[in-house]
Structures are given as C-alpha cells and as structure tokens.
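Remarks on the structure that follows.
Throughout, read-outs are computed from the coordinates displayed, never taken from laboratory work. Source: prediction; values computed, not measured. Note that we place each Cβ from the backbone using ideal geometry, even for glycine, and neighbour counts take in every protein chain shown.
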Ligand code: ISL
Ligand code: CA
C-alpha cells in the first residue's frame, strides 16, 4: 500500500519571502495561514517550511538558537500551532526543516560549551591549535586540520574564551554538533518528538548525510570541501538514521526527506531503501550540477541531454525519489532550463510537465508555479545571502574583477529564489505593506498570482491541472519510469503500470522539433492545448499521451 507522502504533491515555503502579515517586511506564519486556501486550491498536500525557529539569522534560520521556539519575526508558537491545525483541516500536512548538523553559535548548548569544563563541551568539536605557543590563533598553520567549508572559508574558528577552535562546515555561526556524544542524540530525538507531538507530519532533514564525522584527520586536498571524505555519507550515519527511525520516526507516521549532498545514486538508494529503514526519500543534486563546472559558481551551458540522462539514472535507481527543479539554494528553474524572455509560458509549462510526471514525490518551490524568474538586482548592495557575500569576498581576494564577480553572483546566488512571492500588482507585489527585507523582482507587474488566477491559460492554472491529473492517475503516481528518447533537445519517457501507459514528450528547444518515434495516443494535457498528437513540436512543447495501444485501443 502506498504511503501518504507518495500520493501527494509537496510545496516548499521560504517563510521570510512568502507573505508578510504585519508590514515589517518579513514574511511570517500568519501570512502563510492566510494563503493556505490558495495552496489547497492548487492541489498541494504537503507543505515543507524552511526554518522558522529562533535564530540570529546568519544563514536565514539554518542557524538555530532554540529548536523549541518560533522566531518572533515569524510569529508565536500559538501561530505555529494554528498553522498546523488549519493546514490539517484542509488536508495539508506540514513538514518542518530539521537542521541538526549544526546549531547557531548563539544556542545555549554552544554558549555553555565554550567553557572547557562544561558538560556541554563535548556537544561540539573543540580542538586545540596545532602550532603550539608560536602560532597566532587563526593562522592557517595553527588550524586543527585543513578542511574547507561549504561557504568558501576554513572550517575552524578560534574562540578566545576557550582558547581552542571549533568545527563549522558552514558559516562560523553554525558550529557542527558532535554525534559521537550520546547526549547529542538524546537531545535531538527529544526535539523531533516535541514537534511530532505538535502534529507535524515529518521532516526535511538538512544536510543529513554530513552528520557523522568518522575522524578529524587531515583531508585530501580538493578544489572544494577538503576533508569531506571524513564525513560524507559515512557508515556511522546509517546507524544514526536507523536509530532515529526506530526510536522516533516509526512511532509516528513520520515522513522524512533527506537533503543529501554529493551522494551517488547507489548511496542515495542505500539511505532511502525501505528495507534498511533509514530515510523515506532524498533530494539528490546531480541534475542541478549538469550546468556547472565543479562548483556552482562556474556555469557551463545547459544541456538538456545531460540533464535528462542524469534524471533518468536517478529515476531508475531510487526506490522513491523526491523530485525538484528549484529550491531556496538554487536559481529559478525557468531562468535556468527554460526561456523566460521568448517563451516564458510554454517553457514554464514544459518544466511543470516534467516535474509532475516523474516517478516520486514532486516538490514545487514557492513562485515556481507562477513562473517567477531570477532576481533583477544590479549590485552586491541588494544581496542578502551569506554564501554570496562570502564568495564575493573570496573572489575579491583572488583579484577577480568586480564585473566578473557580479556576473558570477548573478548567475548563481541563492537570492535568486529568495525574492518575495509575487501575489498581485500592488506595491512590492503585495508581499508586504512595509519595506521588504530583500527587493521584490520588478516583473511582479506581469508575473503575479492574482493575474494568473484570473487567466485560465496561465502557468498557475496549468500546474493546477497537472496536479489534478496526477492525483487521478495511478500510472502517473505509481508507474515505472522508462526513458524512450534522450536527444539534444528532446526528452521522451514513459510511465507504465499493469496495462496502462502514458508517454511524456518534452521539448527543450525554441525551434520546432520532430519526434521520430512512432508514437500515438490520446493527448491528456498539452501546453499548447493541442488535442491531437502531432510529431512536429512547437517551441518548448510538452504533452502527456495516453498510449491507447497498450490499453487495447480503449480511450
Ligand atoms: O547552496 C549550496 C551551496 O552552493 C549548497 O551547497 C547548500 O549549502 C547545501 O545544499 C546545504 O544546504 C542546506 O544547509 C545549509 C543552508 O545554508 C541551506 O540553505 C540548506 O538548504 C546549511 O544549513
Ligand atoms: Ca511580518
């Protein structure tokens, strides 16, 4: 029997940028509550909320200072309970972001752990400098090892009070928790229980495959993430996950989706194989790396064939994938894989067709359903993301000219998906009555929910139709995936279940393309509203065909 999270379409909310209810320029929980009916109307069954916990917001909430408190920017615990309750009454289940690889340095555990004698000392990784008396704290030579962080820095920060360094794989305000300490496990389990008891239906587990550090030995020198062989998807991680599952998750009907970075399909499968009882599913990244060179800051042209190959490989390997084309760490999918200038509507609908017809649980990121595009900022002054700020600083140190740096940031910054949701054509796109914490994309005049709601041909309506189609179709939900054709501009695949088959045809081209496979069938949905299959595809044409031959000619 299928699990509830296999039947539903999920939607990610980045709370800071979703809807501001009180005019302080920051999205909040009452704002989310006010928009729930719209999400229900779209057909959403699962909401993933990026962090709303207490946090100094060094990394917009991915640095948690109290896991049992709501950040006042977002509202109160009563608001949160109301959100869980209201969502539930609409048949929407809430998935919280669980950020447990690290805490904020302002978390009371960390504050206590700065005292070497504190029982909290061992909650984190504290190590003395290497250099003895002679080395100055912070000198490269003095650092406990040579690891480098996800945010383009060294992984160690010196603490005056302790006279030692602590490990941080992300910003220095995000110290890593020590999972060799059973006390840390106990704390984390009790946090999960706290939220599950409140009625939360599951967790999106932030960078979950970094949790277990096998050692703090020197790393093999690499272009990025030196040291990662000591913590990426280690055997100890599997044990941890099995323990969480056995002791907590399985006691509730809890859904877990792991954010797993730098995993191979086989590792991804091992982490989410139902037999092993670890995670339910994972977000993989390889398809998001097909237009990058080694790191995301260096882009290469988008290759639909490479993209389709990678997607197919993961579709075939994972027991149950979690599919996505964008999130709060990526750039906008329309800007990236479609054509927002010439073919915003057809290409947006084509990407929607792809996402909603793959095998696995689809995740839509806020604004994707409207065709929101990358930001229109003109300088670093408008950038808020800690990662972009660090990268810019590093690039400056490397003497990369300002214009080139800006080009890199523009093409890759996480702020591209963090601009406020575009609700209507009133000032700031209806997101706030005050001054937004980050600028709204000026294209809100043309791209906004209110306009799209009123237009039956809009991208929003197309998403709604696709979701409804998927909900009614066993083959779209549960059918096997088979790639039928992958070319430089075309991706064709089938989904099959018993004697039912659908064929998904997607063009990634701004020109006409010819389908050379002998396909026939009823058109279930088409982004040009064509009622019959025509092998000459229009720019970015997409359709789902019901293969009537397979069903013995029955329509
Ligand atoms: O966006 C990235 C840098 O290019 C990713 O490497 C990202 O940092 C990685 O996917 C982990 O992301 C998650 O954990 C981070 C947080 O900043 C991200 O927002 C979160 O999704 C640290 O908690
Ligand atoms: Ca607010």
Inset, instruction - Return the distance in nm (one decimal) between the two label points of a simple spin-label model at residue 303 and residue 273, each offset 7 Å from Cα along Cα→Cβ. - result: 3.1 nm
Legend entry - Calculated diffusion of the range 406-551, Stokes-Einstein form, Kirkwood radius summed over Cα pairs, 25 °C and 0.890 mPa s, µm²/s: 137 µm²/s
Inset, instruction - Distance between Cα centroids, the range 37-73 to the range 358-419: provide it in whole Å. - result: 21 Å
Legend entry - Three-way shape call for the chain based on the alpha-carbon gyration tensor, with the a/c threshold at 1.5: prolate
Inset, instruction - Would you compute, from DSSP H runs of 4+ residues alone, the mean residue ellipticity of the chain at 222 nm, taking -39500 (n - 2.57) per run and dividing by the full residue count, rounded to the nearest 500? - result: -8500 deg cm²/dmol
Inset, instruction - Could you tell me how many degrees, from 0 to 90 and to the nearest 10, lie between the Cα long axis of helix 235-247 and the main elongation axis, the longest principal axis, of the Cα atoms of the chain? - result: 80 degrees
Inset, instruction - Order these peptides, 311-319, 503-511, by their mean beta-carbon neighbour count within 10 angstrom, highest first. - result: 503-511, 311-319
Inset, instruction - Under 1.5 on a/c is rounded, so check that first for the range 8-155, then, if it is not, pick prolate when a/b is larger than b/c and oblate when it is not; a ≥ b ≥ c are the square roots of the alpha carbon gyration tensor eigenvalues. - result: prolate
Inset, instruction - Classify the range 168-209 as rounded, prolate or oblate, taking a ≥ b ≥ c as the square roots of the eigenvalues of its Cα gyration tensor: rounded when a/c is under 1.5, otherwise prolate if a/b is larger than b/c and oblate if not. - result: oblate
Legend entry - Separation of the residue 140 and residue 246 label points, Cα + 7 Å toward Cβ, nm: 4.5 nm
Inset, instruction - Would you work out the relative contact order for the chain, in percent, from Cα pairs under 8 angstrom that are 6 or more residues apart? - result: 13 percent
Legend entry - Distance between the range 228-249 and the range 449-492 - C-alpha centres, whole angstrom: 35 Å
Legend entry - In nm, spacing of pseudo-spin labels at residue 390 and residue 482 (7 Å Cα→C-beta vector): 4.6 nm
Inset, instruction - Whole number please: convex hull volume per residue, Cα atoms of the range 291-435, in Å³. - result: 138 Å³
Inset, instruction - Multiply the residue separation of residue 218 and residue 496 by 0.36 nm, subtract the distance between their alpha-carbon atoms, and state the gained length in nm to one decimal. - result: 95.2 nm
Inset, instruction - Please give the FRET efficiency for residue 127 paired with residue 397, using the beta carbon to beta carbon distance and R0 = 22 Å, rounded to the nearest 0.05. - result: 0.30
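Would you mind getting me the FRET efficiency between residue 193 and residue 424? Use the beta-carbon distance for r and R0 = 56 Å, nearest 0.05.
The formula returns an efficiency of 0.85 here.
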